[in-house]
Amino acid sequence: MGEQRSAGDRGEGECLPDQPVRPQPGGSGRRRNWWLWTPLTGLTLLVLAGAAVRPAGLPGVADALWAVATLAALLPAAVAVLRDLLRRRFGVDVIAVLALGGALVVGEYLAGAVVAVMLATGRTLEAYAQRRATRDLRALLERAPRTARRRTADGAVEEVPVDRVAAGDRLLVGPGDVVAVDGVTETASTLDESVVTGESRLVERPAGARVASGVVNAGPAFGLRAAESAERSTYAGIVRLAEEATARRAPTVRLADRYAAAFVPFTLALAGLGWVLSGDFLRAVAVLVVATPCPLLLATPIAIVSGLSRVARRGVLVRDGGALEVLGRARTLLVDKTGTLTAGRPRVAHLVVAPGGDPDEVLRLAASVEQLSSHVLAAALVRAAGERGLRLVTPAEVTEEPGRGVSGRVDGRRVRVGQFAGELPQWAERASRRAGAAGHSLVWVAEETGPLGAVLLEDPVRPDARRTVARLRAAGLTRIVMVTGDRPEDARRVADAVGVDDVLARCTPQEKATRVRAEAGRAVTVMVGDGVNDAPALAEAQVGVAMGATGATASADVADAVLSVDRLDPLADAVEVARYARRIAVQSATVGMGLALLAMGFAAAGRLPPVAGAFLQEGIDVLVILNALRALRGGSRGPA
């Protein structure tokens, strides 16, 4: 909040007070990307300079220029290989080092220079693609709120750093401000939630509505009571994931190593065989040149990083490329019920009042008392009153007993909302039985003379849950299980509504984790949950997915991916995109390696000299890298 504005409200050159100037996506940051092209430009100029002086009768100068280009690529590559070997890692990049070194040994300087340009081209394209693919994540970091307007005890407003905001603080959110912490609105508001949810339309929120940090106030100023500190709020969790995702390279380590285990020994054997059978070391160099594995080193990471960008635009933050790759191989899904398949935000289903009572008046009294409570049921009552247009008053003498309820004085009447310990009249007993049969929560509204009414609350199934389950099946998940701590009858009702394969009810957190571990032993398993009690199960799954829009910090911290929106359908988007990105990655590696193997056969037979092989491999690399960039498009049936 404070001076921070949404990305769409700032001019490109506008600076914010007390903040570092950062490149905006698509703006000044683009002009600063020139350094990405420096190595490629330098090596290309050396190759072209050698090609220019050689016809002029200066072959020695040309060879010297090409040798410098080869050496410029060889030295950093050799250092990287030695570093990996010291860490007991062995990968396909050793072939590139051998190709460059072999070209220098046999005097094939032009071939070495072309290989150097080829490597620089691939790495430049990788850096460009990675910056393109992670721009959505960087945008999150650039707009993180840093200050908030906090109301003081005397009614004044002070601007404070967001890390000084605590749960319970009353804040003022000005027009254009980014909401700094998760909270509950004190007045109606108009919000732009596109950064967090992906929805472009403005959203109207009534008083008492839960608001996630990171959304933008698109209307007049409104009051907000903080429900979490900034560190534990939704946007902070998203930013932490974005920092991790942008700080890490996103190679498909498992995929690349799987290919390298077979490809490197085969390449070395073929190069040695061609040398031994012909007695010509040049054939071995030619084999190494065409085997330089840019498709494996660069094309597969580009495809996976592109997939990371796609799922980020759909409201799913994945920690790294390895997690996305595993998600693309998932076969089993275990999903929590409350807050995942259901909304996790109770709503008023029915009002039962004493004979002669007024339902609106009972709800008005209850919501007035509950205005100052942060309990999830209190928010439901306040929200229902707002939807009915009831005028709430500020209660006096408010006290709250955790687990029992809230009491306060409203219009001179002492009202208690929560449990009722006395003897129930006949109408109240019927209401209690009705709530039990329907699986509803029951909140009593009473005064000193007895209960005035009962509010029955339900946790509705998410409207997108059944459609999402169907999409997940279509994407390749063969087993979907709901795990919950709720009663079997309530669990079965939700399971039937969404169409899962199996139900596990009355599960403790430890039992959830045990079941996830068992399922993970049979197939690649995804676990989706939203609460602190789901954290052990998320940690046991190959891919843990947290419903992070509700600010469940403990579950988000151990998860491999977080849904930053309060919907389930982005999970289906993520699985579809992950499968598509992995398929493109495998395709790029397979086609590239297949073409390279064909060229290696010609090189081993003496039909492809090193220089021609280097140019051929350059064409193969460009082909598969462009194919890998297809992962930036397609793969999901959801909206782009």
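Taking amide H atoms as placed 1.01 Å from N in the peptide plane, the amide H of D177 lies under 5 Å from those of N217, each 5 or more residues away in sequence or on another chain. Using the Karplus relation 6.51 cos²θ - 1.76 cosθ + 1.60 with θ = phi - 60°, the per-residue 3J(HN,Hα) values for region 616-623 come to 4, 5, 4, x, 4, 4, 4, 4 Hz, with x marking Gly and Pro.
Close amide H contacts of S189 (hydrogens built in the peptide plane, cut-off under 5 Å, sequence separation of 5 or more or a different chain): R205. The slack between A156 and L45, meaning 0.36 nm per residue of separation minus the straight C-alpha distance, is 33.5 nm.
Which FRET efficiency value, to the nearest 0.05, is calculated for R391 and W37 with the Förster distance at 60 angstrom and r the Cβ-Cβ distance? Could you put the intermediate results ahead of the total?
Details: r = 64 Å, r/R0 = 1.07.
For R391 and W37, the calculated efficiency is 0.40.
By how many nm would the segment from T514 to S278 lengthen if fully extended, with 0.36 nm per residue of separation less the alpha-carbon distance?
Details: separation 236, 0.36 × 236 = 84.96 nm, distance 6.06 nm.
Full-extension gain reported as 78.9 nm.
Its residue count N sets the reference 2.2 N^0.38 Å, and the alpha-carbon radius of gyration of region 45-90 equals 1.64 times that reference.
D358 contributes an accessible area of around 80 Å² to the protein surface, as traced by a 1.4 Å probe with all chains present.
With a cut-off of 13 Å between beta carbons, the residues surrounding G272 carry a summed charge of 0, where Lys and Arg count +1 and Asp and Glu -1. Multiplying the residue separation of A64 and R409 by 0.36 nm and subtracting their alpha-carbon distance yields 115.1 nm. Relative contact order of region 426-468: 31 percent, from C-alpha pairs under 8 Å at least 6 residues apart in sequence. As a calculated quantity, the FRET efficiency between A523 and R493 at R0 = 30 Å, using C-beta atoms, amounts to about 0.65. Near I480: Cβ cut-off under 9 Å, other residues only, Lys/Arg at +1 and Asp/Glu at -1. The net charge is 0.
The values are calculated or read from the model by the stated rules, or taken from the named source; none is laboratory data. Just so it is clear, the structure is predicted and the values come from calculations on it, not from any experiment. When we count neighbours, we look across all protein chains shown, and the Cβ atoms used for this are built from the backbone with ideal geometry, even at glycine. These area figures cover heavy atoms from the full protein model, side chains too; ligands, DNA and RNA do not enter into them. Shrake-Rupley method; radii C 1.70, N 1.55, O 1.52, S 1.80 Å.
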